[in-house]
Every structure is written in C-alpha cells, then in structure tokens.
Amino acid sequence: MTNLTPVETKSINIHEAKTHLSRIIEDVKLLGQPVIIAKAGVPQVKLVPLDTQVTKRKMGTLKNSISIPDNFDQAFDSEIAEMFNGSHL
C-alpha cells in the first residue's frame, strides 16, 4: 500500500491575486498545484493547471503506407492557371 501525503492547496486573498496574478499563474503551471482565491477568508475560486501534455510525434509512422508521385508539385497546373487567368470559374 502506498502512503500518499495529500498536497496542501495554497489559499491567497483576492487582493494578492490581483497584484501578483502573472506570478501565481506561472507557479500553478510549473508546480501543477491548484491555488484557492478567497475573498474575506471565504474561498471563491480554484485556479488549476490545464492538462496539456504534449505528446512527441513519432517520425516515420506512415513510411511505406503512402506514396507521393514525383510530379506532385505539378498536379493541376493547367487548372490553377485557368483559375488565375479568369477563364475558368
């Protein structure tokens, strides 16, 4: 059985939150711990970090499953030229 110690949620007053909002946001983001903002000692809101885990892309996952023709950059040249010249709507 794992002995987990609960993380104490920090509580700050609304005046301090307004004065130091940027720093508080960075702390919440970096430490991953929520902060309670209180007014006259009464909790009003909880500032929590977003769950934004960036997954690293694995290169080569489509290798050998798709094919790109050698002339892919010349596809539809005539149709595009006609659209730019106004002869094709």
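Table for the structure above
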{"quantity": "Debye intensity ratio in log₁₀ form over the Cα atoms of the chain, taken at each q of 0.13, 0.25 Å⁻¹", "calculated": "-0.66, -1.18"}
{"quantity": "Highest to lowest packing among 58-66, 74-82, 36-44, 24-32, scored as the average C-beta count within 10 Å", "calculated": "24-32, 36-44, 74-82, 58-66"}
{"quantity": "Beta bridge orientation in the chain: antiparallel %, DSSP, nearest 5", "calculated": "55 percent"}
{"quantity": "Pairwise FRET efficiency - Leu50 versus Glu79, Cβ, R0 = 35 Å, nearest 0.05", "calculated": "0.20"}
{"quantity": "Cβ-based net charge around Gly32, under 13 Å, with every Lys or Arg adding one and every Asp or Glu removing one", "calculated": "-1"}
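Rule-based calculations on the coordinates, nothing more; no lab input. All of these numbers come straight from a predicted model, not from anything done at the bench. Note that each Cβ is placed from the backbone with ideal geometry, even for glycine, and that neighbours are counted across all protein chains shown.
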